[in-house]
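Visitor: My structure is below; once you've seen it, I'll send some questions.
The values are calculated or read from the model by the stated rules, or taken from the named source; none is laboratory data. Computed from a predicted structure; not experimentally measured. Every residue, glycine as well, gets a Cβ built from its backbone with ideal geometry; the counts of neighbours run over all protein chains shown.
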Amino acid sequence: MNWPRKVFLESTALFQQGSKLEKPEFAQLRERRDNLGFEILVSEVSWAEYVRQRADKVDELVGDMKSVATRLSDWMQDAQAVTAAHEKLLEFRKNIGKVYAKTAADAGIKILELPPIDVRRLFQMSIGRVPPFE
């Protein structure tokens, strides 16, 4: 039987995995990868969308925590623990790209970088009707 050598994940598949990439289906894919020797790949664009979604969720939580700290202070309650957690979350948010790059590496996902594009060359090919711009 001829098995695929590469499996490409789209952003939808990544979103379904959540923030830890630990769903049973993904564990099965990783197990098959280990047994069959194929690569798990994701485009840089899909990965950036995934990380952006994670960042949006963290940003939302940062706002909620700030609101809670303010409310506690308004009620003359000690908000120190919430403020400390808020600061820790801000630090996490600042490094979220690196955190998820490590998550991908640990999961055995290779992120395919965008190829360098020479816009001027593409423009000239288009005007000159050079394939694939016939």
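Visitor: Whether any residue in the stretch 27-50 is modelled with pLDDT of 90 or more, among the small types (Gly, Ala, Ser), under 29 Å from LYS6 (Cβ atoms) and out of contact with any strand residue (DSSP E or B) (no Cβ under 6 Å at 6 or more places or on another chain) is what I want to check.
Guide: Yes.
Visitor: Could you grab me the full set of residues in the stretch 13-40 that are surrounded by fewer than 16 Cβ atoms within 10 Å (Cβ to Cβ) and not in a helix (DSSP H, G or I)?
Guide: Listed by number, the residues that qualify are GLY18, SER19, LYS20, GLU22, LYS23, GLY37, PHE38, GLU39.
Visitor: Taking the residues in the stretch 90-134 that are free of Cβ contacts under 8 Å to residues at least 60 places away in the same chain, of a type in the set (Asp, Glu) and assigned to a loop (DSSP other than H, G, I, E, B) as candidates, determine which candidate is farthest from VAL45 (Cα to Cα).
Guide: Among residues in the stretch 90-134 that are free of Cβ contacts under 8 Å to residues at least 60 places away in the same chain, of a type in the set (Asp, Glu) and assigned to a loop (DSSP other than H, G, I, E, B), the one farthest from VAL45 (Cα to Cα) is GLU134.
Visitor: On to the next question. With the structure loaded, tell me whether SER43 is of a type in the set (Ser, Thr, Tyr), surrounded by 11 or more Cβ atoms within 10 Å (Cβ to Cβ) and in contact (Cβ under 8 Å) with a residue 60 or more places away in the chain or whether it fails that test.
Guide: Yes, satisfied.
Visitor: Also, quick follow-up: Does ALA55 count as exposed (fewer than 11 other Cβ atoms within 10 Å of the Cβ) and among the aliphatic types (A, V, I, L, M)?
Guide: no
Visitor: Out of GLU60, GLU49, GLU87, which single residue is acidic (Asp, Glu), in a helix (DSSP H, G or I) and surrounded by 13 or more Cβ atoms within 10 Å (Cβ to Cβ)?
Guide: GLU49
Visitor: Out of all the residues in the stretch 104-118, is one or more over 27 Å from GLU49 (Cβ atoms), more than 19 Å from the chain's Cα centre (by Cα) and exposed (fewer than 14 other Cβ atoms within 10 Å of the Cβ)?
Guide: no
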